[in-house]
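Asker: One structure, pasted below without further comment.
The values are calculated or read from the model by the stated rules, or taken from the named source; none is laboratory data. Computed from a prediction, not measured in an experiment: that's the story for all the values here. Cβ placement follows ideal geometry from the backbone for every residue including glycine, while neighbour counts extend to all protein chains displayed.
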Amino acid sequence: MKLGVCYYPEQWPEAWWADDARQMVDVGIEYVRIAEFAWSRIEPNPGQFEWAWLDRAIDILHAAGLKVVMCTPTATPPKWLVDADPSMLAVDANGDTRGFGSRRHYCFSSKTYRAQSARITSEVGKRYGKHPGVVAWQTDNEYGCHLTVLSYSQAARAEFRVWLAKRYGIVAALNAAWGTVFWSQEYRSFDEVDAPVGTVTEANPAHRLDYRRFASDEVVAFNRIQTDLLRQHSPGRDVVHNYMGFFTEFDHHDVAQDLDVATWDSYPLGFTQDFFLTADEKRRYARTGHPDIPSFHHDLYRGMCQGANKGRWWVMEQQPGPVNWAQWNPAPLDGMVRLWTWQAFAHGAEVVSYFRWRQAPFAQEQMHAGLNRPDRSLDQGGMEAKQVFAEVQKLGLNSKPNLPLAPMESARAAIIFDYPSIWMAQIQPQGADFNAIEIAFRAYSAMRCLGLDVDIVSSKADVSAYQLVLLPAHMREDAVLAQRLQASGAQVVFGPRSGAKGQALAFPDTLPPGAFGTLAGVQVQRVASLPPGLTDAVQWADGGAFEVTRWREDLALTGATSVATFADGKPAVTRHGAVWYSAGWPNEGGWLQLLTQAAQAAGLAPQAVPADVRISRKGDLAFVQNFSSSTVNFSPSTHALCLLGARELAPQGLAIWKLTASK
């Protein structure tokens with residue numbers, strides 16, 4: 001449970017650096033991320049390196065006892081490099097070059113930029129790879145931010161053709177997979193295939209899906225160049241990357257195979273304002289953030305790294321105050337920065353690092369708060385970070401023998417999150433509001449409202465230890481996964497459109513849910529997207545009701561039993577042994593009812609918690625967090641000792657309980 005901060009010494013007078021370092025230590029900061037945007041200061045002219053200022057900055061931080069997370073500066077190539085090689089720039093879907101003047105102005109497919117990326121990574125790695133103050137490396141910064149994964153440059157087109165040739169071998173196989181006989185789209189060679197952009201109407205969906213796969217693989221390859229070099233020049237240091245929230249333009253699991261630690265950038269208020277929440281939710285959570293947005297991503301990124309690094313993750317950027325980039329940018333309520341920090345620790349974060357040390361008085365992010373104001377005075381976020389540090393020290397969670405910090409254990413419930421399935425739904429939503437990320441989030445949120453801890457894992461993960469497995473948005477049929485689910489013995493819940501598409505976005509031969517059909521005991525015979533305002537009522541066989549919105553399917557039962565029906569008598573929820581299938585998009589009540597039954601069947605103990613209260617367990621500790629505007633009375637167990645806070649929990653309050661205490 002360590003604290004960190006993002007710091008930009010190049011943006012401040014050098015006379016301030018030592019005092020900044022001293023104040024960081026006073027606040028409780030241990031890790032400092034630097035230099036992800038400093039290329040123009042490191043190399044102001046081609047081949048002319050100015051290391052002295054960065055040497056001094058790292059030495060000052062190290063002398064103060066701080067641990068440096070060094071970054072490769074490739075997210076912001078300098079102007080001289082762009083001018084020397086304009087072909088490195090990405091091209092958008094309109095054919096416009098995405099130029100210099102902000103950041104992330106490069107194409108992942110550019111061979112010349114990959115060479116430049118390798119060059120600067122090697123130089124920085126050689127310079128600081130063995131410095132005692134450098135304990136970790138971050139590759140680049142926020143891959144794909146500002147929608148920069150998909151590029152339609154000449155370089156991308158050329159590499160896409162190479163990628164297709166490796167995937168299909170012969171062009172006839174591509175034509176068969178894509179169904180190019182439709183609309184006379186057949187290709188004679190891979191060299192005829194362009195990017196799926198600029199077409200008169202919708203491009204071939206299989207073409208679009210493969211372009212998404214290709215673009216994701218380009219991110220993986222770009223990142224791997226850096227991780228390989230950093231391990232060569234800086235052995236023994238962790239290599240990380242900072243992912244973003246609700247961002248699915250590349251497969252994060254694939255990138256994580258080359259990382260020691262997955263990190264992500266947590267901005268709960270910005271995500272609440274900018275994403276799919278309802279207008280009422282955006283008002284309700286305007287100053288706290290939706291309680292499940294941070295935890296959804298905490299659990300997602302905890303599931304990224306495997307092997308020896310399984311479960312390792314950090315928050316690299318934690319919102320400390322108002323941000324500058326959302327549609328609206330309210331200030332968090334007092335206490336929220338503290339609560340977000342503890343929420344991350346409760347989900348297993350090794351480090352929570354705040355963005356940034358001091359608010360910048362200039363340039364694009366000048367309206368983005370930091371732990372300190374531009375005048376160097378401590379802001380509210382800084383005060384709350386200091387409070388968290390004091391609480392961690394007081395509790396001794398990192399050191400006391402009688403309160404050892406247990407590792408984050410696997411939950412007994414899991415959600416499978418599959419990036420190709422998300423791409424499929426984005427390419428063919430069929431309904432304007434069918435958002436696969438949202439339905440995954442809604443299922444997750446229902447689990448958290450039932451007091452259950454959840455792992456979010458890839459479709460390749462071992463599911464044998466779970467008692468309940470949810471697939472709320474798994475559109476891609478997967479016979480291997482179906483076998484593993486059946487062998488697990490877990491209760492399995494499928495959301496609508498599960499197994500609806502094959503690898504090339506065509507219908508399965510057996511109709512949806514394809515490879516999951518035998519497991520679920522159903523066959524989908526017709527689908528319908530429901531426009532806003534149109535709902536279908538559902539009645540449970542044993543009483544109770546809910547509504548379906550956005551999506552509905554007509555099912556034929558091939559072994560399953562209907563446990564809930566639509567008003568017209570057709571199956572709405574089915575059960576086939578341990579497998580449940582929802583034939584529509586349940587509302588909040590529907591998810592709670594369905595998952596309560598499935599959890600009970602799994603031998604779990606769903607526990608209704610007060611509205612906007614969340615509970616997380618880490619070893620024998622339970623963290624109770626109150627995101628509501630009301631005081632609540634709640635304890636996780638009658639056999640628990642309160643270590644921090646109290647049963648009566650104030651708004652934005654936190655209580656930590658030791659669960660093994662006797663009555």
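Asker: Within segment 220-227, identify whether any single residue is outside any helix (DSSP H, G or I) and not β-branched (Val, Ile, Thr), and answer yes or no. Write out each step before concluding.
Answerer: Of all residues in segment 220-227, those outside any helix (DSSP H, G or I) come to none.
No.
Asker: Got a sec? Which of THR558, THR565, THR638 is surrounded by fewer than 23 Cβ atoms within 10 Å (Cβ to Cβ), hydroxyl-bearing (Ser, Thr, Tyr) and in contact (Cβ under 8 Å) with a residue 40 or more places away in the chain?
Answerer: Working: THR565 fails: in contact (Cβ under 8 Å) with a residue 40 or more places away in the chain; THR638 fails: in contact (Cβ under 8 Å) with a residue 40 or more places away in the chain.
Testing whether each residue is surrounded by fewer than 23 Cβ atoms within 10 Å (Cβ to Cβ), hydroxyl-bearing (Ser, Thr, Tyr) and in contact (Cβ under 8 Å) with a residue 40 or more places away in the chain leaves just THR558.
Asker: Scan segment 410-418 and give yes if some residue there is modelled with pLDDT under 95, within 20 Å of the chain's Cα centre (by Cα), surrounded by fewer than 24 Cβ atoms within 10 Å (Cβ to Cβ) and not polar (S, T, N, Q), otherwise no.
Answerer: yes
Asker: Assuming ILE656 fulfils every condition listed in (1) over 27 Å from the mean Cα position of the chain (by Cα); (2) touching a residue at least 12 places away in the same chain (Cβ under 8 Å) apart from one, which condition is it?
Answerer: (1)
Asker: Okay, moving on. Kindly establish whether ARG302 is within 27 Å of VAL69 (Cβ to Cβ) and charged (D, E, K, R). So that I can check it myself, show each step before the final result.
Answerer: On the way: within 27 Å of VAL69 (Cβ to Cβ): yes; charged (D, E, K, R): yes.
Against the criterion (within 27 Å of VAL69 (Cβ to Cβ) and charged (D, E, K, R)), ARG302 qualifies.
Asker: If the requirement is being out of contact with any Phe, Trp or Tyr (no Cβ under 8 Å at 6 or more places or on another chain) and either in a strand (DSSP E or B) or small (Gly, Ala, Ser) (or both), which of these qualifies: VAL527, VAL548, VAL492, VAL469? It would help to see each step written out before you state the result.
Answerer: Numbers: VAL527 fails: out of contact with any Phe, Trp or Tyr (no Cβ under 8 Å at 6 or more places or on another chain); VAL548 fails: out of contact with any Phe, Trp or Tyr (no Cβ under 8 Å at 6 or more places or on another chain); VAL492 fails: out of contact with any Phe, Trp or Tyr (no Cβ under 8 Å at 6 or more places or on another chain).
Sole residue among the options that is out of contact with any Phe, Trp or Tyr (no Cβ under 8 Å at 6 or more places or on another chain) and either in a strand (DSSP E or B) or small (Gly, Ala, Ser) (or both): VAL469.
Asker: Here is a follow-up. Is it the case that THR510 is surrounded by fewer than 19 Cβ atoms within 10 Å (Cβ to Cβ), in contact with a Gly (Cβ under 8 Å, 6 or more places away or on another chain) and in the same structural domain as ALA556 (by TED's automatic domain parsing)? Working first, answer last.
Answerer: Values: surrounded by fewer than 19 Cβ atoms within 10 Å (Cβ to Cβ): yes; in contact with a Gly (Cβ under 8 Å, 6 or more places away or on another chain): yes; in the same structural domain as ALA556 (by TED's automatic domain parsing): yes.
So THR510 passes the test.
Asker: Six or more apart or on different chains, Cβ under 6 Å: which pairs go from a residue in segment 576-599 that's in the same structural domain as ALA432 (by TED's automatic domain parsing) and within 19 Å of LEU555 (Cα to Cα) to one that's in a strand (DSSP E or B) and of a type in the set (D, E, K, R)? Could you list them?
Answerer: ALA583/GLU553; GLY584/ARG552; TRP585/ARG550
Asker: I've got another one for you. State whether one or more residues within segment 586-600 are in a strand (DSSP E or B) and under 23 Å from PHE546 (Cα atoms). Reasoning before the result, please.
Answerer: In the first step, residues of segment 586-600 are kept if they are in a strand (DSSP E or B); the result is 586.
Narrowing the set further to residues that are under 23 Å from PHE546 (Cα atoms) leaves 586.
Taking every residue of segment 586-600 in turn, at least one turns out to be in a strand (DSSP E or B) and under 23 Å from PHE546 (Cα atoms).
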